[in-house]
Amino acid sequence: MDKKNNKDDLDLFSESFGLLQNIGKKSGIINAETRIGKEKENVELFSENIDFLEVSISKFDIADLQTHLINRPEIVLDKTQKNFPKTQIRDNIFQRLLVSSSIFNAEQVQKLEKIYIKIKEEGLFFTFVDMLIQLKFLPECTVNNILHFKSPDGKALIPGYTILEFIGEGGMAAVYRGIREDNPENQIALKVFLPVNNSQSEIVRFKQECEVIKSLSHPNIVQAFEYGELYGMYYVVLEYIEGGSLADRITKTGAIPEEESLAIFEKLLEGMIYAWEKGFIHRDMKPANIMIGKDGIVKICDFGLAKEIDSEMHLTKTGTFLGTPHYMSPEQFASSNVDYRSDVYSLGITFYVMLTSRLPFNGSSFYNLCSSHINDAPPLPEDFGIQISRQTLSFLFQMIAKDPNERCSSYSMLWENFQKIKKRKMPSGKIPYIISPLEKKSSLSHLKKIIASFLALSLVSMLLYFFKPEEKIQPKTQHPVIEKKEEIQNTKPVIVEKKHNDISEVIKKEKIEQEEKIRKEKKIHLYLANIEKILSNLDLSNAQNEIVRLEVEYPKEQKILLMKEWVNALMGFEQAISSGNFTQSTETLKKFIVQQEKASILCKLLKNHLEKSELDKQVQIILTILKLDKSIQKLFQDMLIDKDSSWVKSIYLQMPSPESEKFLAFMENNFEKISNKFFISLQVLRKTLKILNAKEDISLENIGFLCDQEFSLLEEGFSSLDLEGKKRFLKNLLPIAPKIHPLHGEKVFALIKKENSQEIHKIFISFLVKSEKDFSDKILEKMMEEAKNLEIKMLLLTSYAKRNYKKGLINALKDTHWEIRLKALHFILDITPEEKEHFLLSLSSDHHPDIRKDVLTKLGKCKSLESIAVLQKSLVDDDSEIGKIAAKSLSEINTPESLQALILGIEKINHVIVGEAIVQSIADAKNEVAWNALFHILISHVDYRSQAMNILTEIGKPIIPLLAAKVKKSSDRQEQKYLLEILQNIGNDSVLMLSTLLENTPDIYLKRQIIKTLGYIGSPEAIPVLSKMLLDNITKRYAKQSLKDIGDKLSPDDIRYKQIRNLLQNY
């Protein structure tokens, strides 16, 4: 097949498959590229179909293919191409992944593309991907893996993300929906960028888009998480918005009502003002770049044309248009410098489309559209039958004013005007398009002059571009002397035999072929030299891309195939090191390290990984080197020449034996700058670590060795242990705790002092408890002073108690944690019961109520005047519970002094509930002093009168004489009333005393009250004394009533009932 024709046939593929050149590695770009080896089983399984690709496209029987496809009902044969999805970018991305994953080579993909084009020409519309599956060029599982950005064996090509489905595509990118692997509920959108040419500016613009979006964090702007590079393609991971664009909404439902439009626009304005304040302008605001989520959230996307204000990077050259023409501002058409007011114009056009579902400016050509934006006034919404408020219309027309100065003077003015129209107020500033034509013309004249020259220039440029004549390749002009010589020769007669001519033609052809071969070899040599230079910079991805390009042009060149094998080996080596497959990396080293130029690159790769990797991977890399012959190991000296002693130590300590000793020998023999003393100290440190890492109990001899070393070395060894190792070391010390030397114990304490692990501190406390030495008490006390964790403090306190360490417990009574003070009090009371009252009194004024409650409860067992004074003082505490406890404890003491304290306390208390407790505590004393106190409370304290009366009633018979005496002695009628009420409540037991009192008192009032009381009691024992009261006319009436009350309680058959009846009849 002719190469030129073949190249023409593959323009579509070559264009989409063009690899990026001159793209240096930039910071912040994640290299997600993974080199995947060719799957032999796939090649064998589908060899028949791949051989089919070798058939000339002209011999391909499209009719047979159509028959084959018709027999597959799952394939849609749609010659109208209606609703056929747009997948060209997706297919190009897919093709690149096929080649990069070594599933097909470039030549095979070219032939597949040609078959696909031929199929589409015949009217069979299905995707390139469907063709591969249905014609069995690839198994469906492999196709699905590639489609979802996975290697053929199912590993994710973009780390951290699982791609679920293709969403759609635009001019340069395809968009996919995916999820985070660490959080499957968190959906993301993956945008993969496929440049259509080798333009550096396109890549810069794409990176700029990513950086801009990453720097913007606002509820109304789509968030970007990260971006990176994959096989020459660039991708960005974005926030996924479930819903559709504003353009979709308008297309589906038409104009949006004014109130809803205002609500959407407010969110847009908030997001844009945020971006403007951050120094960015969007430059491509339109409904298609606004997402409306299902939950109604509004998000601005595609800051792809955004430009940082005052940036030194002028990515937009003069005469280059960035933006969508129907939404571009007049100054954008003029290619003049634009600011945020250009975005205001585009926002205004978007707002207009929201309200009317129509564009305000149109044109049959780019020139006409440009002219319309610059010269024409927008149609009024009412022209389309749409009514909006005058305020909203004024604000809208302000935003799409031709002159940027008329749109707004600042972000704040724009926001203020919007808030005004929400309240149905007119916006501030000039309203264009509603003023007179003369004023309008004057305001626009200056702007027209600026862009007039541009319009002419644009028109001429477009004419030249669209109507330029086809260029022809002119033959090179020969030297004049040669031309002259040819003229002379041409004048001579030429008589040449045919055979001679044939020989000359053959020689000439061979010469041309030889020259072509030399040129080809030179070109290949230059390409390969360039690839070697790229490799020397460790840009494996770019090198691989160059190999693919070179292989497309020269498919079967041995030198290229060898270079491809070398690059693939490096990619595999890089992947093996990155994934921790050091067995594979060792084999690669052994194979290629003998070649000096290749050894250099391998050393660079290893050094690069050594500098970027974590310590454990660095150890694996060094172990890989140590597995090589000693003669080869020397090649890596330069890689390690700049490593210092601290690095050597870190690697050495992480290595297992005996490899660690081999490493030490290697470093000692090849690096003079590291002293012998250092290597000796490493060996000591190694022994230290061996003891620290011991799985069994540690001997006194070994602990002696550890503690005899410099503390810095011991500390370094201990800090290198993980948490489990440190715990194991301390547990191993427990059996020797009773015998350990104090100095050694101090050193161990110094080791764990800086540890934050509670588990380590708990184990060490157990060690100290078991120790028989006094140093343990001192260390425990130091730990208590420095401890901040309550659990550890409580454990230390328990250790004091176990060791009967009184001093520590006394000091703990002053601890800042009230729980510690309370627990310490309990422990110390158990240890020293004879000093109980002393320690209780020391905490009686503690600021924490729980401690005071506990102390006051325990003081009830103490009878000293000092304890009584403390309890009396506590009766008036602001905490009523404390007052109640104090009252109860005073009752328990039950001495005249404690009773007096209660009696005095009730006069000063602040809470009724405490007073009630005091009354009860007084009653519990059960003596005459207490009863007199209760009489006093009954008369003087209304709040406790009922309680006192009930208590006195419950006392009953013992208190009757005292009550009668008080009744006789009292001259206070109210007091007499309360006392008689108590006697009445006592009942029959008080009748005899009341009868005696009735006969002996001269007080007529008191006589009457006693008579009534006897009637209330209703005891027949009162009949004799009441009979006597019938003789006195003053008491007769009252006596008759009381007798009647008594009779009512008796049975008519009772002789006393008859006695009362006779008395009442006679008197």
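Every read-out reported here was derived from the displayed coordinates using simple, explicitly stated rules and does not represent laboratory data. Treat the numbers as computed from the prediction; the structure is a model and nothing was measured. Please note: Cβ atoms are built from the backbone with ideal geometry, for glycine as well, and neighbour counts cover all protein chains shown.
Couplings 3J(HN,Hα) of segment 277-287, computed from phi: 5, 7, x, 10, 10, 7, 6, 8, 6, 6, x Hz, in residue order, whole Hz [Karplus 6.51 cos²θ - 1.76 cosθ + 1.60, θ = phi - 60°; x for Gly and Pro]. Amide H contacts of Ile281: Lys307, Ile309, each under 5 Å away and 5 or more positions distant or on a separate chain (H built 1.01 Å from N in the peptide plane; Pro and chain starts excluded). What the Cα convex hull of segment 992-1067 gives, in volume per residue, is 71 Å³.
Scoring 1060-1066, 227-233, 1035-1041 by mean Cβ neighbours within 10 Å over their residues and listing the highest first yields 227-233, 1035-1041, 1060-1066.
Near Gly244, the amide H atoms lying under 5 Å from its own belong to Ile292; only residues 5 or more places off or on other chains count, and H is placed 1.01 Å from N. Over the Cα atoms of segment 513-566, what is the Rg over Rh ratio if Rh follows Kirkwood? Value, to two decimals: 0.99. For segment 339-434, what does the alpha-carbon gyration tensor say about shape, rounded, prolate or oblate, given a ≥ b ≥ c as the root eigenvalues, a/c under 1.5 as rounded, and a/b over b/c as prolate? Oblate.
Highest mean first, the peptides 553-564, 338-349 sorted by other C-beta atoms within 10 Å per residue fall in the order 338-349, 553-564. Evaluating 6.51 cos²θ - 1.76 cosθ + 1.60 at θ = phi - 60° for every residue in segment 816-833, the Karplus couplings come out as 6, 8, 5, 4, 5, 4, 5, 5, 4, 4, 4, 4, 6, 5, 5, 7, 10, x Hz, glycine and proline recorded as x. When each of the peptides 397-408, 775-786 is scored by how many other beta carbons lie within 10 Å of its residues on average, the order from highest to lowest is 397-408, 775-786.
The Lys278 and Glu837 beta-carbon pair, evaluated with R₀ = 60 Å, returns a calculated FRET efficiency of approximately 0.25. Structure note, pairs Lys926/Lys957; Lys690/Lys739; Lys267/Lys294; Lys727/Lys762; Lys214/Lys299; Lys695/Lys762: Cα-Cα distances above 18 angstrom occur for Lys690/Lys739; Lys695/Lys762. Residues whose amide H falls under 5 Å from that of Phe225, counting only those 5 or more places apart or on a different chain, are Val237, Leu238, Glu239, with hydrogens built in the peptide plane.
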